[in-house]
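Okay, structure first, notes after.
Where a number appears in this text, it was derived from the coordinates with a stated rule and is not lab data. Predicted model only: the values in this text are computed from it and were never measured. Every residue, glycine as well, gets a Cβ built from its backbone with ideal geometry; the counts of neighbours run over all protein chains shown.
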Amino acid sequence: MNKRFLTFVIFAAMTVSMQAKVKLSHLVGDNMVIQQNTDVRLWGWAKPNSTVTATTSWSQQKSETKAGKDGQFLLTVKSPKASYTPLSITFNDGEGAVTINNVLAGEVWVCAGQSNMEMPVKGFGMCPVKDYNHHILDAVNSKGVRSIKIPSVMAAKPLNDADCEWRLCTPKTVGEFSATGYFFARLLSRTLDIPVGIIEANKGGSRVESWLTKENLEKYTSDPTDSVAICKKWSEWDYHRSLLWGNGTFNPILNSTIKGIIYYQGCSNVGDPGDQYSQRMKILVDQWRSQFKLGEIPFYFVEIAPWAYDDGDVNAISGALLREQQYKASQIIPNSSLVCTNDLVYPYEYSQIHPTQKQPVGERLAFTALHRDYGYETVQYKSSSYKDMTIKGDTILIHTQDNYWCDAPFEQMQGFEIAGADKVFYPAEAKHFWQPGGGYWDEAIAITSPKVKNPVAVRYCFKNFQIGNVKNGGNLPLFPFRTDSW
């Protein structure tokens, strides 16, 4: 290459750089998925006080807005119906244009939480994802799934951008996708036959307080909100820090136009007293809905799996108490639903905080969305839960709700315990019972133990690590529960 031509190339590149004034958020870029059939927000920076115009490949309409004194701008475009047709959007502030390409219209969901949401398809060290090779190779059939991972960073002040980019789904890339998020998006995409984009904004080890704003922390908690005080309080376990993870890892996505949020978190809040966790979960969901400004968007979350909390004590109940709070949260958060995971661990995983069975977790979240948001009313997405009980002599009879007319297995139900007034629980036998004259619809589960002649309370899998086998007509597990308040 001669010197004169090289000089021309450099000069041309510099000219383009100087003319292209518009700088887009990293979340607005090539390969992104935009929410279909709505007003999609797009944002970035341009020359201060300039008029920024957006033109799209699918419409003759133009959208424009004025950049602020700091150059920031936000505008909306009307998105088309979901399809696999590649789209483009061009932004211009009058001094230079920027175009993003290979954009698809579809459904966009946020994947939030801690490490079990962050855990990629390739797994963590010593923590594999079941059937990894099959999922990697099957990625050729998931070209409609795309992902963007927000780097897990802390910030003293809320950030409005992050160093990230949208990723296509291929056997070479899918290993980096959130496993739970990917299996959720894969089933949605294949069932609806449309593109699905997931925005991964999570941090391993984070607490619910890690995502609360300064205002909510000051109003509802005793956590410090000064960054120095925060770092001092959690000097050893930085992933427990309040506020900072939300500022750095979640705030950059708040201008995104999304369909809903899936959430997997709770392990780091085990030990929280009373209903503190459930109340703070509601505060967080209210906060996110307010920040996204999209109304009461769906919020679907995952029960923490059985694990030996309390220094490896499988029979202690601190984990069970947190699951109980998660269930309570699902009852007080509008437009929410909780996925039960009691059956999604193997017996040897009592010391494995990242269980290998991530595909059914993501798919149960997808069952929920498909039924509640996409019209698949025949999909059975709810786990059964305790409804009521009566005591007849030495037997406790319980009914469940959301069981889809079935409490299975028919014989040898496992996971129940009963106790008398002494509050000592013993393993119990559980079997089907039809109340005389009641017919099929009055079927109950009869629970007894030869060691408890006068039972007063029953528990089901209410321990740190206990796997039951009771499922409903949708083959979904019964939520762990207790009838006592001991």
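Eigenvalues of the Cα gyration tensor times 5, then square-rooted: what semi-axes does that give for the stretch 26-101, in whole angstrom, largest first?
So the three semi-axes of the stretch 26-101 are 22, 11, 11 Å.
What pairs in LYS259/LYS382; LYS382/LYS463; LYS47/LYS172; LYS47/LYS233; LYS219/LYS423; LYS203/LYS282 have C-alpha atoms more than 31 Å from each other?
Check vs 31 Å cut-off fails for LYS47/LYS172; LYS47/LYS233; LYS219/LYS423.
Against the longest principal axis of the chain, how steep is helix 276-292, in degrees 0 to 90 to the nearest 10, with axes from Cα atoms?
Between the helix axis and the principal axis of the chain, the angle is about 30 degrees.
Taking Rh as the Kirkwood radius computed over C-alpha pairs, what is the Stokes-Einstein D of the stretch 335-486 at 4 °C in a medium of viscosity 1.567 mPa s, expressed in µm² per second?
Here the translational diffusion coefficient equals 78 µm²/s.
If you take all C-alpha pairs in the stretch 58-125, what percent of them are over 21 Å apart?
The proportion of pairs with Cα distances above 21 Å equals 51 percent.
For the chain, take the longest principal axis of its alpha carbons; what is the angle in degrees between that and the long axis of helix 179-192, to the nearest 10 within 0 to 90?
Value to nearest ten degrees: 80.
Whole Å is fine, so just give me how far the alpha carbon centre of the stretch 366-398 lies from that of the stretch 94-158.
After rounding, the separation between the Cα centres reads 32 Å.
For the chain, what is the convex hull (Cα atoms) projected area averaged across all directions, in square nanometres?
For the chain, the mean projected area of the Cα convex hull comes to 28.0 nm².
Can you give me the three principal axis dimensions of the stretch 257-362 from its C-alpha atoms, in Å, biggest first?
The Cα atoms of the stretch 257-362 stretch 43, 32, 18 Å along the principal axes, largest first.
Using only alpha carbon pairs under 8 Å that are at least six residues apart, calculate the relative contact order of the chain and give it in whole percent.
This gives 12 percent for the chain.
Which shape class applies to the stretch 100-177: rounded if a/c is under 1.5, otherwise prolate when a/b exceeds b/c and oblate if not, where a ≥ b ≥ c are the square roots of the Cα gyration tensor eigenvalues?
Oblate.
Highest mean first, what order results for 186-198, 389-401 on Cβ atoms within 10 Å?
186-198, 389-401
Using a ≥ b ≥ c from the Cα gyration tensor of the stretch 215-266 (square roots of the eigenvalues), is it rounded, prolate or oblate, where a/c under 1.5 gives rounded and otherwise the larger of a/b and b/c decides, a/b for prolate?
prolate
Could you name the aspartates and glutamates whose alpha carbon sits less than 18 Å from that of LYS62, not counting residues in the same chain fewer than 8 places away?
Result set, ordered by chain and number: ASP39, ASP93, GLU95.
How large is the Kirkwood hydrodynamic radius of the stretch 134-263, in angstrom, based on all distinct alpha carbon pairs?
About 16.0 Å for the stretch 134-263.
Where does helix 3-19 land angle-wise versus the long Cα axis of the chain, in degrees 0 to 90, nearest 10?
60 degrees
Per the Debye formula with a single identical scatterer at each Cα and no solvent contribution, what log10 I(q)/I(0) holds for the stretch 237-313 at q = 0.12, 0.22 Å⁻¹?
The Cα Debye sum returns log10 ratios of -0.43, -1.23.
Order these peptides, 218-226, 149-157, 279-287, by their mean beta-carbon neighbour count within 10 angstrom, highest first.
Peptide ranking by packing, descending: 279-287, 149-157, 218-226.
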